[in-house]
1. For the stretch 72-92, give me each residue that is surrounded by fewer than 21 Cβ atoms within 10 Å (Cβ to Cβ), of a type in the set (Ser, Thr, Tyr) and within 24 Å of the chain's Cα centre (by Cα).
2. Please go through the stretch 212-251 and pick out each residue that is over 15 Å from Leu170 (Cβ atoms), part of a strand (DSSP E or B) and aliphatic (A, V, I, L, M).
3. Residue by residue through the stretch 251-279, note down the ones that are buried (at least 22 other Cβ atoms within 10 Å of the Cβ) and more than 26 Å from Gly120 (Cβ to Cβ).
4. Name, by its number, the condition in (1) of a type in the set (Ser, Thr, Tyr); (2) outside any strand (DSSP E or B); (3) open to solvent by less than 90 Å² (accessible area, probe 1.4 Å) that does not hold for Thr68.
5. Any residue at all in the stretch 351-363 that's crowded, with 17+ Cβ neighbours inside 10 Å and at pLDDT below 90?
6. Just name the residue that is nearest to Glu266 (Cα to Cα) out of those in the stretch 285-333 that are aromatic (Phe, Trp, Tyr) and within 15 Å of the chain's Cα centre (by Cα).
7. Scan (1) closer than 19 Å to Gly87 by Cα; (2) surrounded by fewer than 22 Cβ atoms within 10 Å (Cβ to Cβ) for the single condition Val286 breaks and write down its number.
8. Taking Asn209, is it modelled with pLDDT of 95 or more, open to solvent by 10 Å² or more (accessible area, probe 1.4 Å), assigned by TED's automatic domain parsing to the domain that holds Val173 and not in a strand (DSSP E or B)?
Amino acid sequence: MQTIEKESAASVNWQLKGTFLLNPELRQKALEVLEHTPFPTTKTEAWKYTRVAKIKNSNLAIQENPVTLTGNFGLSTESIQYVFINGHFSETLSSKTYPDGLKIGALSQMDDAEVRVMGGNVLLDGEVFSSINTAYATDGLYVHVSAKMQIEPVIEIIQINTDQHMLSNLRHVLVAEAFSEVKFVQRSISVNGSDNFTNVISEIHIGKNAKLTMDKLQEENETCFQISTELVNQHQDSNFTINTVTLNGLLVRNNLTIEVDGQNCETHLNGAYILNGNQHVDNHTVVDHKVANCESNELYKGVIDGKATAVFNGKVYVRKDAQKINAFQSNANVLLSDDATINSKPELEIYADDVKCSHGSTTGQLDEEAVFYLRARGLSEASARQLMVGAFIEDVIQKIENEAVTDRIHEILKERFNWVIE
């Protein structure tokens, strides 16, 4: 166990023991950051509406010995599945075969020196959770898609937490070379687990004219914390789509940063969050347009009930030489109770003059006249409200092309909220 000065992030009462993934130099830098950096508070601008004291004060431990589970946790029998339990690779639950030209495997089993030094582009200074991940990452997935490869099976990254008070730090490295195409599902679930914290970073590199799609499904139980960070780099003519659907979890923070470094890129960010009870979900996105002739579209929708709270902070940069950029950003929310809260802040920072950019945010309640109209046609009040809310959120779900993912979303909505969506 690491004992250090009280005010720093390194002073937490966590059991931080084990064999860690990244190279010693990078780990040492992360540990130094933790020595002098406190956990963020509401006075920290990027964390103004998200309190992390519950994470900080939890008695968390890194599991040293992998847990064995039985069962099938994938969404499709045709997918390539890699399973991680409490931060450790599960070889027995993971796929054994994959297409030629695809280099894939747990980072802990990779011999390539290039893999070992990944993480150099992850910002550590002032970033507590990225530094915790860098210092204490136990495993993750490495995927390298060769140039011109079209990977037909979807690659599922399945992150499972079990037991109690487990801290899982995972680092995924996903590389799509020029003219390649690959699709991922990143799914987080609980199996008899509670009060756990999953802290995951995905480094994503998309080559020239490559296409990468990520469907992210967060369904850990209502006592768990998750901070998920995607760092994306796009090259010329590439296409990146990420669909983030948050259906459970006590506190969930999604950090998404996309650097658009090549012309004629397309970037699509879609998100849906359906919350009740005391849940808190915070989506922070940054799209940085550095060069000309690119397009980005961002659509996030939330349904918030009970005493749940949501945060959306989306920022689009358009640099001085990035002319002819089309950038659109929208956040819409429905509050189903008087105690539900949303803090929404879409932002544009534009330094070029030949662009088409817009952003908007709407928050409201269900239209009572529409509810009355549906009730007049034979629906109960509950059914009428479910139908309207389902139609509202389905606008995002329909953007997900993977049928296994949409089926799972509909299944969860039916289980947790008694919704039936056609």
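1. Within the stretch 72-92, Ser76, Thr77, Ser79 qualify.
2. As a first pass, look at the stretch 212-251 and keep what is over 15 Å from Leu170 (Cβ atoms): 212-213, 215, 217, 219, 221-223, 232-251.
Of the ones still in play, those that are also part of a strand (DSSP E or B) are 212-213, 215, 217, 219, 232-234, 239-246, 251.
If the condition is that a residue be over 15 Å from Leu170 (Cβ atoms), part of a strand (DSSP E or B) and aliphatic (A, V, I, L, M), then Leu212, Leu217, Val232, Ile242, Val245, Leu251 are the ones that fit.
3. Passing the criteria: Val252, Gly271, Ala272, Tyr273, Ile274, Leu275, Gln279.
4. Only one criterion in (1) of a type in the set (Ser, Thr, Tyr); (2) outside any strand (DSSP E or B); (3) open to solvent by less than 90 Å² (accessible area, probe 1.4 Å) is unmet by Thr68, namely (3).
5. yes
6. First pass over the stretch 285-333, keeping only residues aromatic (Phe, Trp, Tyr): 300, 312, 317, 328.
Within this subset, residues satisfying the condition of being within 15 Å of the chain's Cα centre (by Cα) are 300, 312.
Working: Tyr300: 17, Phe312: 22 Å.
Per the stated criteria, the residue is Tyr300.
7. (1)
8. On the way: modelled with pLDDT of 95 or more: yes; open to solvent by 10 Å² or more (accessible area, probe 1.4 Å): yes; assigned by TED's automatic domain parsing to the domain that holds Val173: yes; not in a strand (DSSP E or B): yes.
Against the criterion (modelled with pLDDT of 95 or more, open to solvent by 10 Å² or more (accessible area, probe 1.4 Å), assigned by TED's automatic domain parsing to the domain that holds Val173 and not in a strand (DSSP E or B)), Asn209 qualifies.
The values are calculated or read from the model by the stated rules, or taken from the named source; none is laboratory data. Since the model is a prediction, treat every value here as computed from it, not as a measurement. We place every Cβ from the backbone using ideal geometry, glycine too, and count neighbours over all the protein chains shown. To get the accessible areas, we keep the full protein, side chains included, count just its heavy atoms, and leave off ligands, DNA and RNA. Shrake-Rupley method; radii C 1.70, N 1.55, O 1.52, S 1.80 Å.
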